[in-house]
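K.L.:
Mind looking over this structure? Questions follow.
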Amino acid sequence: MYDQRLILSTSTRSTQLEATGDITPEIDIMPQVGVLSSRDESANEVDEKEPQTIPEEYLDLLDWHEIYRKVWQFRKEKGYRNLVCEKRILQKILSNEYYTLYCPESMLEVEHVDDLEQIQQIAVMILRKYIKEFYSGRQSNWEQSQLSYVPMDDELTREQGNFFDRYTLSVKTSAEDFLSELQEAVEDDSLYTNADGKPNRVHFDRHLYLPLIAEETSIDEEDIDYSPPPLNKGEKRLVTNLKSYFQSPDGQNILDSWEVYLLRNQSRGKGVGLLSDGNRFFPDFIMWLQNGDTQHIVFLEPHGMVREGEPVEDHRVKFYDGIDSYESELAERTGKDHVSLHSYVISQTNLNDLRDLSRVDTREEFHEAGLYFPNEVSQIVEDVLESASAESQETTAE
């Protein structure tokens, strides 16, 4: 059994919002005059932008009760429940000009009372981005100080953890045939040895518990309800691809030198949650590779990117680089510098569609950002081991 894993402390603390010049979020609401992409070399010339500030005399005229309400709503939506915001601090952020604003000068001019509404909207935009950057930095630093490596045996006995005794299933009376098939399967040992029959599942002996149940395809999803939720299509495909890879000759070569384990990460309250760019997320899987004392802990997140804006700016993707600070903090505090951390997003959106959404143009550029595709699990494993080899060579050179 793999002897270490990363676990996030469940303790919490209050964080007081502060007005500081160390944080100056950039808000750009200038009209887009031209577009330049790696596939289109032509673009209109854009004049150099000049930063603007909200005139001090207008700040007192804003509806601060409404501003505070919207900030509080934003705090709730983002899950910043331990963040304490005072109205005077919000006012200080704006009056001290702790922001960089790009917008037409006309947007900050007031000729009628109604013009204040536009300035108020800009003020809320500034405060939201300031709060996101403030919380991300402070909370990330604190959370890193709460992380620790613990033996896997400790995780097995933790009440609110990634392991559970059983699946629970609610079935509507209209799905009696399915329930009958399921009851037969439960009484058969094949439930734990292969993926035939009901329930829909993936059999991968490197996963730390079995069965690993997936969404049913032969029955209306509204007729059944699993807890914890079954694997969705993208999650199932990732596990299947990992299984196929480690059964291949190249994968077998890895297994000759490395012990490999996989674990589905549970959601909020039970699994490992990480903070990236002000957003908390729970990677769908954790994979371990161990060779003697050397360990790699790899977070894997299969995710559709079509609704996430610029793909390489998504907080899940950016954690590919952001995870280095977690690793450094843990190594310094625990002395376990033989443990490496890695994070990858596996895009469920194909390459061509992703290129249309991004400033990035090639598969290799997406890889450099930590964004891979479903059939590239072998390249993810190679990237993990190559990065570790490079780090080892740098250490030796020093």
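The values are calculated or read from the model by the stated rules, or taken from the named source; none is laboratory data. Keep in mind the model is a prediction, meaning the values are calculated, not measured. Because the Cβ atoms are built from the backbone with ideal geometry, glycine has one as well, and the counts that use them run over all protein chains shown.
K.L.:
Going through SER106, SER42, SER95 one at a time, which residue ends up being at pLDDT 90 or above, farther than 30 Å from LEU330 by Cα and surrounded by fewer than 11 Cβ atoms within 10 Å (Cβ to Cβ)?
P.N.:
Working: SER42 fails: at pLDDT 90 or above; SER95 fails: surrounded by fewer than 11 Cβ atoms within 10 Å (Cβ to Cβ).
Just a single option satisfies the conditions, and that option is SER106.
K.L.:
Only one of these conditions is not met by VAL113: (1) over 20 Å from GLU50 (Cβ atoms); (2) in a helix (DSSP H, G or I). Which number is it?
P.N.:
Among (1) over 20 Å from GLU50 (Cβ atoms); (2) in a helix (DSSP H, G or I), the lone unmet condition for VAL113 is (2).
K.L.:
Among the residues of region 116-142 satisfying the criterion of being surrounded by 18 or more Cβ atoms within 10 Å (Cβ to Cβ) and more than 21 Å from LEU101 (Cα to Cα), which is modelled with the lowest pLDDT?
P.N.:
The qualifying residue modelled with the lowest pLDDT is SER140.
K.L.:
Then there is this: Could you check region 151-270 for helices (runs of 4 or more DSSP H) lying wholly inside it with 3 or more residues that are closer than 30 Å to TYR80 by Cα?
P.N.:
On the way: elements: 152-156, 176-186, 233-247, 249-257.
Result: 152-156.
K.L.:
Can you confirm whether ASP205 is modelled with pLDDT under 85 and outside the structural domain of TYR102 (by TED's automatic domain parsing)? Write out each step before concluding.
P.N.:
Values: modelled with pLDDT under 85: no; outside the structural domain of TYR102 (by TED's automatic domain parsing): yes.
No: the conditions fail for ASP205.
K.L.:
Another question about this same structure. Applying the selection to region 189-199, what residues are of a type in the set (D, E, K, R) and either surrounded by 12 or more Cβ atoms within 10 Å (Cβ to Cβ) or closer than 14 Å to PRO230 by Cβ (or both)?
P.N.:
Step one: of region 189-199, the residues of a type in the set (D, E, K, R) are 189, 196, 198.
Correct list: LYS198 only.
K.L.:
Being out of contact with any Pro (no Cβ under 9 Å at 6 or more places or on another chain) and over 23 Å from LEU354 (Cβ atoms) narrows it down to one of ASP277, ASP321, ASP337, ASP314, so name that one.
P.N.:
Details: ASP277 fails: over 23 Å from LEU354 (Cβ atoms); ASP321 fails: over 23 Å from LEU354 (Cβ atoms); ASP314 fails: over 23 Å from LEU354 (Cβ atoms).
The unique qualifying residue is ASP337.
K.L.:
Just to be sure before I move on: is LEU357 in contact with a Pro (Cβ under 8 Å, 6 or more places away or on another chain), surrounded by fewer than 17 Cβ atoms within 10 Å (Cβ to Cβ), not assigned by TED's automatic domain parsing to the domain that holds PHE134 and not hydroxyl-bearing (Ser, Thr, Tyr) in the structure I sent?
P.N.:
Working: in contact with a Pro (Cβ under 8 Å, 6 or more places away or on another chain): yes; surrounded by fewer than 17 Cβ atoms within 10 Å (Cβ to Cβ): yes; not assigned by TED's automatic domain parsing to the domain that holds PHE134: yes; not hydroxyl-bearing (Ser, Thr, Tyr): yes.
Answer is yes for this residue.
K.L.:
Hey, another quick one. Of the residues in region 273-283, how many are aromatic (Phe, Trp, Tyr) and either in a strand (DSSP E or B) or outside the structural domain of GLY335 (by TED's automatic domain parsing) (or both)?
P.N.:
Summing the residues that are aromatic (Phe, Trp, Tyr) and either in a strand (DSSP E or B) or outside the structural domain of GLY335 (by TED's automatic domain parsing) (or both) in region 273-283 gives 1.
K.L.:
Among the residues of region 281-307, which ones are surrounded by 18 or more Cβ atoms within 10 Å (Cβ to Cβ) and more than 22 Å from LEU212 (Cβ to Cβ)?
P.N.:
The answer is GLN295, MET305.
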